[in-house]
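Working notes for the structure below.
The values are calculated or read from the model by the stated rules, or taken from the named source; none is laboratory data. Small disclaimer: the values here were computed from a predicted structure and weren't measured. Please note: Cβ atoms are built from the backbone with ideal geometry, for glycine as well, and neighbour counts cover all protein chains shown.
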Amino acid sequence: MAFGRSSRTKRPVEPVTLKILVAGGFGVGKTTMVAAVSEIRPLRTEERLTEAGRPVDDLAGVEEKTTTTVAMDFGRITLREDLVLYLFGTPGQHRFWFLWDELAQGALGAVVLADTRRLEDCFAAVDYFERRSIPFTVAVNCFEGADRFPSETVRAALDLDPEVPVLLCDARDFSSSRDVLVAVVEHALERAARARAPVAT
Ligand SMILES: Nc1nc2c(ncn2[C@@H]2O[C@H](COP(=O)(O)OP(=O)(O)OP(=O)(O)O)[C@@H](O)[C@H]2O)c(=O)[nH]1
Ligand SMILES: [Mg+2]
């Protein structure tokens, strides 16, 4: 068999793999988002919510929720033939936050999911990524029944830097969640390019 130029150029490319975190407060839709976009059966670490957790687990707005993530979600999405994202959904309950540092190792960027009915639940995630200079995008998961606010209102309420993208999304929807992930990657790459650019004197 001949190995001419054409057969060589058709060789499958080795994709670049990037790690992205999907973070945010309790019950905001992190597991839902990873499952909506993952092309592999997502790994979930769900445990049933119990009566014992009722005083600390605020279910307002997600009353049907019966389980919670206790370690992480894991999924994968191929954005382009040469670009694959590995997705790590964080646990939302405060008592599992010690896992975040482990999950954040080597992450290119993060999605901070927010629910406008409980915006304060994502403050800690925003803080976490700001402090560590991990690029992130805020994605408002638009639950039915929640008031819709323009992204600029959310940006002001969260006191975000002007460069941080704020998007509205439906975490259950493949293309909506994929758009959020594309925004994170673009934002992280732009920031990396800016950091590399020579400073004008
Ligand atoms: N109506 C509506 N329900 C949603 C949406 N996203 C998630 N849900 C529901 O909201 C609940 C919470 O979703 P999860 O994906 O488990 O949230 P989570 O952020 O992973 O929760 P923890 O891991 O416990 O912090 C589930 O009952 C979902 O079916 C949405 O966009 N709209
Ligand atoms: Mg979860």
Residue selected from region 63-79 under the condition charged (D, E, K, R) and touching a residue at least 24 places away in the same chain (Cβ under 8 Å), by the criterion nearest to K30 (Cα to Cα): D73
For a quick check of your reading of the model, give me the residue pairs whose first member lies in region 21-33 and is under 17 Å from L43 (Cα atoms), whose second is within 6 Å of ligand 1 (Cβ to nearest atom) and part of a loop (DSSP other than H, G, I, E, B), with beta-carbon atoms closer than 7 Å and at least 6 apart or on different chains. G29/A171; K30/G92; T32/A171; T32/R172; M33/A171
Those residues that are within 16 Å of ligand 2 (Cβ to nearest atom) and crowded, with 20+ Cβ neighbours inside 10 Å, I need them from region 122-159; list them, please. C122, A125, A139, N141
Which residue pairs have Cβ atoms closer than 6 Å, lie 6 or more positions apart in sequence or on different chains, and pair a first residue in region 170-193 that is over 15 Å from V16 (Cβ atoms) and among the hydroxyl-bearing types (S, T, Y) with a second residue that is assigned to a helix (DSSP H, G or I) and within 16 Å of ligand 2 (Cβ to nearest atom)? S177/M33; S177/A36; S177/V37
Just give me the residues in region 28-45 being under 15 Å from the mean Cα position of the chain (by Cα), of a type in the set (S, T, N, Q) and more than 10 Å from G75 (Cα to Cα), in sequence order. T32
Pairs please, first residue from region 107-118 and more than 9 Å from G25 (Cα to Cα), second anywhere and buried (at least 24 other Cβ atoms within 10 Å of the Cβ) and of a type in the set (G, A, S), Cβ atoms under 9 Å, 6+ apart in sequence or on different chains. A110/A23; A110/A125; V111/A23; V111/G24; V111/A139; V111/S177
Give the residues of region 126-145 that are of a type in the set (G, A, S), modelled with pLDDT of 95 or more and more than 17 Å from L181 (Cβ to Cβ), sorted by residue number. S133
For region 65-98, enumerate the residues that are under 22 Å from S177 (Cβ atoms), within 16 Å of ligand 1 (Cβ to nearest atom) and not in a loop (DSSP other than H, G, I, E, B). T67, T68, T69, D73, F74, G75, L87, F88, G89
